[in-house]
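Notes for the one structure printed next.
Just so it is clear, none of the values below were taken in a lab; they were calculated from the coordinates. Predicted model only: the values in this text are computed from it and were never measured. In this analysis, Cβ positions are derived from the backbone assuming ideal geometry, glycine residues included, and neighbour counts consider all displayed protein chains.
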Amino acid sequence: MSQATKTVRIGSAHGLHARPAKLFAQAAKNAGIPVTIAKGDAKPVNAASILGVISLGIDQGDEVTLTADGDGAEGIVDSLTELLATDFDAE
């Protein structure tokens, strides 16, 4: 089983509020393997949990670390980091 970890800077102008957090959590859930997200030294939370993601209080410019465990982990982390780097508030 493979593991992938990547750090990304948040692109959304208002951070991971409800809409981008929902899109991110849904994508993490659809990944089919365990994915966690952590802000700084905080304990990682389940990336598929919208409440867990929102509870981290992630703002624009914050760096978060994603970790995925399982088949295709590298590709999943890459696609999730793209989501996090996108400014959904500009759309």
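Here are some notes:
- Between 0 and 90°, nearest 10: helix 73-85 axis offset from the chain longest Cα axis: 0 degrees
- Summed residue charge, Cβ within 14 Å of residue 28's Cβ, Lys/Arg positive, Asp/Glu negative: 0
- Cα-centred dipole magnitude for the chain, charges only on beta-carbon of K, R (+1) and D, E (-1), debye, nearest 20: 280 debye
- Amide H partners (placed H, <5 Å) of residue 15, local residues excluded: 60
- Taking the chain as the region of interest, the number of lysine pairs whose Cα atoms are within less than 18 Å, with members eight or more places apart or on different chains, is 4.
- For the chain, the alpha-carbon radius of gyration amounts to 0.96 times the rule-of-thumb value 2.2 N^0.38 Å expected for a compact globular protein.
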